[in-house]
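> Handing you this structure, nothing more for now.
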Amino acid sequence: MDQALQHLVNGTVLGGTYALLGIGLTLVFGVMRVVNFTHGELYAFGAYMTYAAVSLLGLDFYLSLALATLLGMALGAAIEFLLLRPMRRADIDSTMLVMIGAALVLQNGEMWAWGGVAKLIPNPFPGTPLVVGPVSVLPLRLFVLVVSIALLLGFWLLLDRTRIGMAMRATFQDPETAALMGVRINWVNSATFAIGSGLAAAAGALLGPVFMVSPTMGDLVGLKAFAIVILGGLGSLPGATIGGFALGFVEEFAGGFVSTEYRDAFGFLLIILILALKPQGLVPAKERIG
Amino acid sequence: MLRLEGVSAGYGRIAALAEVSLEVREGELVSLIGANGAGKSTTLRTISGLLKPTTGRITLDGQAIGGLPPREILARGIAHCPEGRRVFPHLSVRENLAMGALLRRDRAGIAGDLEAMYARFPRLRERSGQAAGTLSGGEQQMLAIARALMSRPRLIMFDEPSLGLAPSLVEQVFAIVRDIRATGTTVLMVEQNAMAALQLCDRAYLLETGHVLRTGTGAELLASPDVRDAYLGGAI
């Protein structure tokens, strides 16, 4: 029981960052109908930028996280402007190929810039875990959880309570009519891609100090982000949030009780199972906000 | 007020409009009638900037507006209430109305207009927090009209406002269109229901395969034998 409680806490920490990754990816698909293969690389980019800011420039840890997220948004906006905007009328296959190419360029760029050796990001938190009853959690992980949830809430407020959020949801539902209302569709697309990329970079910046930073770190994470999004139902924001936490819990519990070696496999096993039973994902299309 | 001179437009290589010329004067209610595929909707879509004209000139008060993006057209006072209502299904009724006023910055004016819409369409007030997709077809049409009015347009374009509505609602929609014109807003309306459209309008244009076949007052077109044969089912 105590062990289960511990896994629950760990799973929540992991799930929070997975949810960030998932909503970033599903948002881009929902608004722009673009399958964003660069998502995992933006995650790696966020981690490397945090490393650069903390270790190379000697900047404050918290400032570095914010900086990495903003740079991720800027990179996302650049990708949208340079690659996706000219491809607006192209078919989905061509756009996918371009995004796969961009992901390869980003990953090899990271390899070239930082080398293949994994980096460690120093953090200001004490290495001794906080112990509450049977549960112990590292302060850094607690910080990651708090920031993830703050970002999820902030994102939800942006989407639900602001004019740009309303314009984004309207564009999500009916781009042509949104244009008739005066929405600048190009602008919404840039903002959407920048926000989606920023969320991925934020997840990388948060998990970078927890794990190690390496050029291929985006591969598995990109794959997981797709799994989360498909699990939740393509284009569904609540679905991606639920899917993110579900994947976090499954990995933690299966890793803890069954086999640590195969922890990643259990997540995908769950996805195969759910899709076999409910092919439209956890949150079907008609219930999607957006 | 609005003038189209030799405007052609289309989708890809298919020309849907061939040299259409028409005019809407300040305060008028003008109808576009014609069969399916005659280019009625394409005309409205070209005016509102969803399609770019390939040739010809579109002017509003003498200023060229052809090829401007929809946002600029709306900012110049032309609202387009699209075919099939096209309310945002997952936005609330209130948010749909707010979308109509997206370009406006006068908070007090927007709040006043919102109140006016609720007073005019009480059902929308009752359902203001509900997702627009849960409204009935008639309510959605009222919402689409109210949303278009929220931009305070000088010219409002309706595309098939009566499509798919029960007869009693059709009457109601036409009454609303008449009211809108009575308050000084100019109206350009596309209607399948040629009889109603001709009775309602000051002037009308009959479109066929992308060009203007005939024009005149509503009464003139109603009396014209070929209009009667082709579009009014022969007998009146």
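> Compute the helix-to-body angle for A:139-161: its Cα long axis versus the longest principal axis of chain A, expressed 0 to 90° and rounded to tens.
Tilt relative to chain A: about 20 degrees.
> Right, something else. Starting from the Cα of B:Q172, step 7 Å along the direction of its Cβ; do the same at A:M212; then give the gap between the two resulting points in nm.
Roughly 6.9 nm, to one decimal.
> On full extension of the chain, what length is gained from B:E126 through B:T54, given 0.36 nm per residue of separation minus the C-alpha to C-alpha distance?
On the way: separation 72, 0.36 × 72 = 25.92 nm, distance 4.51 nm.
Using 0.36 nm per residue and subtracting the Cα-Cα distance, I get 21.4 nm.
> Modelling each spin label as a point 7 Å along the Cα-to-Cβ direction, I'd like the B:T209/A:V131 distance in nm, to one decimal.
It is 8.9 nm.
> Quick one: what are the phi-derived ³J(HN,Hα) couplings along the range A:40-49, Karplus 6.51/-1.76/1.60 with θ = phi - 60°, whole Hz, x for glycine and proline?
Karplus values, whole Hz, x for Gly and Pro: x, 6, 5, 4, 5, 4, x, 5, 5, 5.
> For B:60-72, what's the mean count of beta carbons from other chains sitting within 10 Å of each residue's beta carbon?
What the average comes to for B:60-72 is 2.
> I've got another one for you. For a test of the definition: using alpha carbon positions, the gyration tensor, and the 1.5 limit on a/c, classify the range A:56-203 as rounded, prolate or oblate. Could the numbers behind the result be given before it?
Working: a/c = 2.69, a/b = 1.47, b/c = 1.83.
Here the range A:56-203 falls in the oblate category.
> What whole-number value in Å² describes the accessible area per residue of chain A for a 1.4 Å probe?
Ligands and nucleic acids excluded, the result is 43 Å² per residue.
> When the accessible area of the protein assembly as shown is split by element with a 1.4 Å probe, what percent falls to carbon and sulfur?
63 percent
> Please report the buried accessible area for the interface of A with B, total over both chains, probe 1.4 Å, in Å² to the nearest 100. Please list the in-between numbers first.
On the way: alone 13570 and 10820 Å², together 22390 Å².
Protein heavy atoms only, the A-B interface buries about 2000 Å².
> Moving on. Using only Cα atoms and rounding to the nearest 10 degrees, what angle (0 to 90) does helix A:263-277 make with the longest principal axis of chain A?
Its long axis makes an angle of about 40 degrees.
> How high is the FRET efficiency between A:A66 and A:L104 when r is their beta carbon distance and R₀ equals 30 Å, given to the nearest 0.05?
FRET efficiency, A:A66 to A:L104: 0.60.
> Now for a different question. Mean separation of Cα pairs under 8 Å and 6+ residues apart, divided by the residue count of chain B: what relative contact order is that in percent?
Relative contact order for chain B comes out at 27 percent.
> Taking the highest mean first, how do the peptides B:3-12, B:149-158 order by number of other beta carbon atoms within 10 angstrom per residue?
B:149-158, B:3-12
> Let me ask you something else. Highest mean first, how do A:97-104, B:78-85 rank when packing is the count of other Cβ atoms within 10 Å averaged over residues?
B:78-85, A:97-104
> Going by alpha carbons, how many degrees (0 to 90, nearest 10) lie between the helix axis of A:217-232 and the longest principal axis of chain A?
Once rounded, the angle reads 70 degrees.
> When Cβ neighbours within 10 Å are restricted to other protein chains, what is their mean count per residue of peptide B:83-93?
Across B:83-93, the average partner-chain Cβ count within 10 Å equals 4.
> Using the heavy atoms of the protein chains and a 1.4 angstrom probe, tell me the accessible area per residue for chain B in square angstrom.
Values: 9870 Å² over 236 residues.
Result: 42 Å² of accessible area for each residue.
> While we're looking at this one, here's another question. Taking just the alpha-carbon atoms of the range B:97-236, what radius of gyration and Dmax come out, in angstrom?
Over the range B:97-236's Cα set, Rg and Dmax evaluate to 17.0, 52 Å.
> Set the Förster radius R0 to 45 Å, insert the Cβ-Cβ distance between A:L153 and A:M87 as r into 1/(1 + (r/R0)^6), and round the FRET efficiency to 0.05. The partial results should precede the final answer.
Numbers: r = 33 Å, r/R0 = 0.74.
Here the calculated transfer efficiency is 0.85.
> For the range A:159-290, just say rounded, prolate or oblate: build the C-alpha gyration tensor, square-root its eigenvalues into a ≥ b ≥ c, call rounded for a/c under 1.5, and beyond that prolate if a/b exceeds b/c, oblate if not.
Oblate shape, in that a/c is at least 1.5 and b/c is the bigger or equal ratio.
> Take peptides A:221-232, A:178-189, A:155-166 and line them up by average Cβ neighbours within 10 Å, highest first, as a rough protection proxy.
Per-residue Cβ counts within 10 Å, averaged per peptide and sorted highest first, yield A:221-232, A:178-189, A:155-166.
> How many nm is it between the label spots at B:A219 and B:A182, if each spot is 7 Å from the Cα in line with the beta carbon?
Taking the two extended label points, one gets 2.0 nm.
> Mind listing which GluC sites (Glu not before Pro) in the range B:119-195 are in a DSSP loop and have 14 or fewer other Cβ atoms within 10 Å?
Counting only loop positions with at most 14 other Cβ atoms within 10 Å, none of the GluC sites (Glu not before Pro) in the range B:119-195 qualifies.
> For A:L277 and A:D264 in one chain, what is 0.36 nm times their gap in residues minus the Cα-Cα distance, to one decimal in nm?
Length difference between fully extended and current span is 2.6 nm.
> Still on this structure, please answer the following. Set the Förster distance to 60 Å, then compute FRET efficiency between A:M111 and A:L5 from the Cβ-Cβ distance, nearest 0.05.
Working: r = 40 Å, r/R0 = 0.67.
FRET efficiency, A:M111 to A:L5: 0.90.
> How shielded is B:101-112 by partner chains, expressed as the average number of their Cβ atoms within 10 Å of its Cβ atoms? Can you show the working numbers first?
Working: counts 2, 8, 3, 1, 0, 0, 0, 0, 0, 0, 0, 0.
Average neighbour count from other chains, rounded to a whole number: 1.
The values are calculated or read from the model by the stated rules, or taken from the named source; none is laboratory data. Model, not experiment: these values are computed from the prediction. Note that we place each Cβ from the backbone using ideal geometry, even for glycine, and neighbour counts take in every protein chain shown. Side chains are part of the model used for accessible areas, which takes the heavy atoms of the whole protein and leaves out ligands, DNA and RNA. Shrake-Rupley method; radii C 1.70, N 1.55, O 1.52, S 1.80 Å.
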